[in-house]
Amino acid sequence: MNKLGFGFLRLPRTDPDDVTSIDMARACELVDAYLAAGGRYFDSAYTYLGGASEKTLGEALAKRHPRESFEIATKIPSYDLKDHQQCWEIFEEQRRRCCVEYFDTYMLHWLNDKNYIDCENFDGFGFLREVKAKGFAKRIGFSYHAGPELLDRILTEHPETECVLLQINYLDWESPTLRARECSEVVKKHGKQLLVMEPVRGGALAELPPKALAKLEEAGLDQEQSIASWAIRFVESIPYVDTVLSGMGSVEQIKDNVRDKEPLTEHEWNTLLEVAELLRSEIAVPCTACRYCEPHCPMNISIPEHLALMNQLARAPGDDWKLRPEYNRLNETRGKPSECIACGQCQEHCPQKIAIPDWMKKVAAGLEQ
Ligand code: SF4
Ligand code: SF4
């Protein structure tokens, strides 16, 4: 049942405050361990880690392994494009960064209501078709962050689409805002290949609060299985899922994820959906730490780290004194949440639609002295 792809969004760094400071020696070690375990699918995007993700694929993967031993999927930012000339410039830069002649999968990044209209205006799908016709991509598609109605419309208007990348995990499966199950059913209805991102929801499903953990133990959580592996099994158990992307930061994590796993039983599946209900009532902010917001913040605030602190504070409101040192450390070299000017730039780029300026006020109120 192994459908695991390597998501290149969260890579080891030499400087925790600089997303581009990739620890190349460790990245090479991870790439080698994943290939040795039988993996071959790597997923990146033009904007991931300020461009460092694609460059790392070039250095750690393409320059060190035969082209036929791996597949690369990457994406062009649908939200920043004007015309085909600009698309080709970005595409050529991506090929240079990744050190490859062609991509196995090439996608428009992050279609939603607004980006789809922008994309139609510069004929983004026409560009994808050209890339494929020239032999520079074996498969074309898009990543998607909106509701099932628009997804149905896009797939009807663009039958040339071969694959769709969706955020699916047991927390979002029945979420009234993300509607992951409904979106996945639209992809299935159109007969497209379904790729999954965020199966562990940016790490949020790798550690669980005691009540949720107790439920998993009741369902037979084996001590040898990690909590994250249950989240991976959930999405791998969906029969029409083609590939599941996971960002992996250690060789142990790779071995844990790549190992063949049994599909979930109906009882286990339902237990995870019960755990999701519990988590929804406990998680204050549904941030996945994707960092799409960060480059747009004029005050240079470490938004995902502050939202993670907010979640910890929501679970244990008396722990502000424990969290304050980390809050202060984050603010030593970056902007403070109290300096947020509520410009809303971050929120426009958040796939989870989080009201970030409001949360910045709450973090500052809870942790700043
Ligand atoms: S609203 Fe605040 S956190 Fe968001 S981009 Fe503007 S200054 Fe940064
Ligand atoms: S706030 Fe939104 S855009 Fe920023 S890291 Fe979290 S989920 Fe991603």
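The rule of thumb for compact globular proteins, 2.2 N^0.38 Å, goes into the C-alpha radius of gyration of the stretch 120-211 1.25 times. Look at the alpha carbon pairs under 8 Å that are at least 6 residues apart: their mean separation over the length of the chain gives a relative contact order of 15 percent.
Mind checking the log10 I(q)/I(0) for the stretch 294-367 at q = 0.11, 0.24 Å⁻¹? Debye, one equal scatterer per Cα, no solvent, two decimals. Values, matching the q order: -0.24, -1.10.
A DSSP coil position with no more than 14 other Cβ atoms inside 10 Å describes the following GluC sites (Glu not before Pro) in the stretch 48-131: GLU101. Using C-alpha pairs under 8 Å with a sequence gap of at least 6, the mean separation divided by the residue count of the stretch 294-365 gives a relative contact order of 41 percent.
Based on DSSP H segments of at least four residues, each scored -39500 (n - 2.57), the chain has a per-residue ellipticity at 222 nm of -13000 deg cm²/dmol. Candidates PHE136, TRP110, ALA316 compared by Cα position along the dipole of the chain: farthest toward the positive end lies PHE136, with charges placed on Cβ. Applying 1/(1 + (r/R0)^6) with R0 = 22 Å to the Cβ-Cβ distance of ASN2 and GLU218 gives a FRET efficiency near 0.25.
Reported to the nearest whole Å, the Cα centre-to-centre distance from the stretch 188-215 to the stretch 113-165 is 24. Net charge in the neighbourhood of GLU326 (other residues with Cβ under 12 Å of its Cβ; Lys, Arg +1, Asp, Glu -1) is -1.
Diffusion of the stretch 260-338 by Stokes-Einstein, at 37 °C in a medium of 0.692 mPa s and with Rh set to the Kirkwood radius over alpha-carbon pairs, works out to 219 µm²/s.
Cross-linked pairs LYS3/LYS192; LYS134/LYS188; LYS75/LYS132; LYS322/LYS353; LYS322/LYS362; LYS215/LYS353: Cα-Cα separations exceed 20 Å for LYS134/LYS188; LYS322/LYS353; LYS215/LYS353. Amide H contacts under 5 Å for LEU111: SER143, TYR144, HIS145, restricted to partners 5 or more places along the chain or on a different chain, H placed in the peptide plane at 1.01 Å from N. Beta bridges assigned by DSSP with both partners in the chain are antiparallel in approximately 5 percent of cases. Largest first, the extents of the alpha carbon coordinates of the stretch 4-282 on the three principal axes equal 57, 44, 34 Å. Percent of C-alpha pairs per 5 Å bin in the stretch 184-319, short distances first: 2, 8, 17, 18, 19, 17, 11, 5, 2, 0, 0. Amide H contacts of GLY247 (H built 1.01 Å from N, in plane; Pro and chain starts excluded): GLY7 sit under 5 Å, all sequence-distant by 5 or more or on other chains. Here the alpha carbons of the stretch 192-250 define both size measures, Rg and Dmax, at 12.4, 39 Å.
No value in this document is a laboratory result; all are computed from the given coordinates. Since the model is a prediction, treat every value here as computed from it, not as a measurement. All Cβ positions, glycine included, derive from the backbone under ideal geometry; neighbour counts span all protein chains shown.
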